[in-house]
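As structure tokens, the structure follows; a few thoughts come after it.
The values are calculated or read from the model by the stated rules, or taken from the named source; none is laboratory data. Fair warning: this is a prediction, and the values are worked out from it, not measured in the lab. Glycine also receives a Cβ, built like all others from the backbone with ideal geometry; neighbour counts cover every protein chain displayed. Note: accessible area is taken over every heavy atom of the protein model, side chains too, but ligands, DNA and RNA are not part of it. Shrake-Rupley method; radii C 1.70, N 1.55, O 1.52, S 1.80 Å.
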Amino acid sequence: MPSLAGSSEVPCVRCSTRVPGLAWGEYCVTCLAERRRRATRMARRISQGAGLLVVAWVFLALPSTIVARTWGAVIVVATYLLTRQIAIKLIMEFLPK
Ligand SMILES: [Zn+2]
């Protein structure tokens with residue numbers, strides 16, 4: 001007897017296309033790619049804003065020595081990358097269908 005989850009075709013949550021091997025409540029490959037593309041675009045804007053805030057903080061609060069500027073640049077890049085990854089995860093989770 002075939003299992004219900006493995007062999008049956010389940011509709012995509014968003015576009016209702018029946019895809020074999022898809023679990024209930026999941027997106028098809030096309031919808032998942034579109035959703036990830038939207039999340040990446042939104043996350044890029046959010047992380048650019050966070051990066052600009054950190055750049056302002058580096059120029060206003062840190063001393064203007066080469067060591068401080070170097071660490072400031074590292075902090076800006078780290079803030080951009082971390083904010084982007086966190087934003088992508090959150091947007092993928094909470095973006096409406
Ligand atoms: Zn779909």
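Numbers at a glance
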| item | result |
| --- | --- |
| Lone qualifier among 34, 26, 9 - being of a type in the set (D, E, K, R), over 23 Å from residue 91 (Cβ atoms) and within 13 Å of the ligand (Cβ to nearest atom) | 9 |
| Among (1) touching a Lys or Arg at 6+ places or on another chain (Cβ under 7 Å); (2) open to solvent by less than 70 Å² (accessible area, probe 1.4 Å) - the single one residue 44 does not satisfy | (2) |
| Candidates 54, 19 - the one that is among the aliphatic types (A, V, I, L, M), open to solvent by less than 70 Å² (accessible area, probe 1.4 Å) and not in a helix (DSSP H, G or I) | 19 |
| Pair list, Cβ < 8 Å and 6+ apart or interchain, from region 18-34 residues that are more than 20 Å from residue 96 (Cβ to Cβ) to residues that are near the ligand (Cβ under 9 Å from one of its atoms) and in a helix (DSSP H, G or I) | 19/29 |
| Checklist (1) open to solvent by less than 90 Å² (accessible area, probe 1.4 Å); (2) more than 21 Å from residue 96 (Cβ to Cβ) applied to residue 67, failing item | (1) |
| Region 70-95, subset within 14 Å of the chain's Cα centre (by Cα), of a type outside the set (Val, Ile, Thr) and open to solvent by less than 90 Å² (accessible area, probe 1.4 Å), residue farthest from residue 31 (Cα to Cα) | 80 |
| Residue match in region 67-81 (condition: of a type in the set (D, E, K, R) and within 16 Å of the ligand (Cβ to nearest atom)) | no |
| Residue in region 1-13 that is open to solvent by less than 70 Å² (accessible area, probe 1.4 Å) and in a strand (DSSP E or B) present | yes |
